[in-house]
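Down below is the structure, laid out as structure tokens.
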Amino acid sequence: MNWLNVIIGMLLLFIGRRLFWLFVACVGFASGYHYAQQIWAIHSPVLILILSIAIGALGAIIAILFQKAAILIAGFAAGGYLVLRLFNQFAGLPAQLVWLPYIIGGIIGAIILFFVFDWALIFLSTLTGATLIVQMVAFNPWFEITLFLALVIAGMVFQVKTITNGGDRRAR
């Protein structure tokens, strides 16, 4: 999964806004992969990969056919994933409380993404992409924070440039 995290992270970091369905698919895949192990206690790597791909594909189909619903689902999944990663990074959580920060972050992410779609999509896709990449490195925590911030800034600058240069051909 390490190389997949980096590939998915790079895609989200730089083109998460332009290809909304890809953002939804990547967040669905990453969430499915992460939670198949933690919550559902699935230990077969092949089954986890198949389940993750299925969740990602379902997310992409929903994003293409039902964009408003996909916005809420993607916002929920990305917000929940980010808040849970932050809790695990800084505070740690007992296994029985994993769902609580995920639900809170998910609700916040869904509301934000629904009301300020383009800017929230840039923000959430760069944060999610940077998180997926940085969680694959094992350096000193200060270096990881610096790398995370550098990736977020680079991703946001790149995605904002596509708005200002008229490079957005995505139909909404």
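The values are calculated or read from the model by the stated rules, or taken from the named source; none is laboratory data. Keep in mind the model is a prediction, meaning the values are calculated, not measured. Cβ: placed from backbone, ideal geometry, glycine included. Neighbour counts: every protein chain shown. Accessible surface areas use protein heavy atoms only, side chains included; no ligands, DNA or RNA. Shrake-Rupley method; radii C 1.70, N 1.55, O 1.52, S 1.80 Å.
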Notebook entry, point to check: How big is the C-alpha Rg of the range 52-137 next to the rule-of-thumb value 2.2 N^0.38 Å, as a ratio?
Noted result: 1.10
Notebook entry, point to check: Expressed as a whole percentage, what fraction of the accessible surface of the range 6-87 belongs to carbon and sulfur atoms when a 1.4 Å probe is rolled over the protein heavy atoms?
Noted result: 82
Margin query: So, for the chain, what is the accessible surface per residue at a probe of 1.4 Å, expressed in square angstrom?
Written below: 54
Notebook entry, point to check: What ³J(HN,Hα) values, in whole Hz, does the Karplus curve 6.51 cos²θ - 1.76 cosθ + 1.60 give for the range 46-55 when θ = phi - 60°, with x put for Gly and Pro?
Noted result: 5, 5, 4, 5, 5, 4, 5, 5, 5, 5
Check: Given a 1.4 Å probe and every protein chain left where it sits, what share in percent of the accessible area of the range 93-161 is carbon and sulfur?
Finding: 83
Next item on the list: Please turn the phi angles of the range 73-87 into ³J(HN,Hα) values with the Karplus equation 6.51 cos²θ - 1.76 cosθ + 1.60 (θ = phi - 60°), one per residue in order, whole Hz, x for glycine and proline.
Entry: 5, 5, x, 5, 5, 5, x, x, 4, 5, 5, 5, 4, 4, 4
Next item on the list: With label points built 7 Å along Cα→Cβ from the Cα atoms of Asn140 and Trp119, find their separation and express it in nm.
Entry: 3.6
Checklist line | For the chain, convex hull volume per residue from C-alpha positions, Å³ | finding: 106
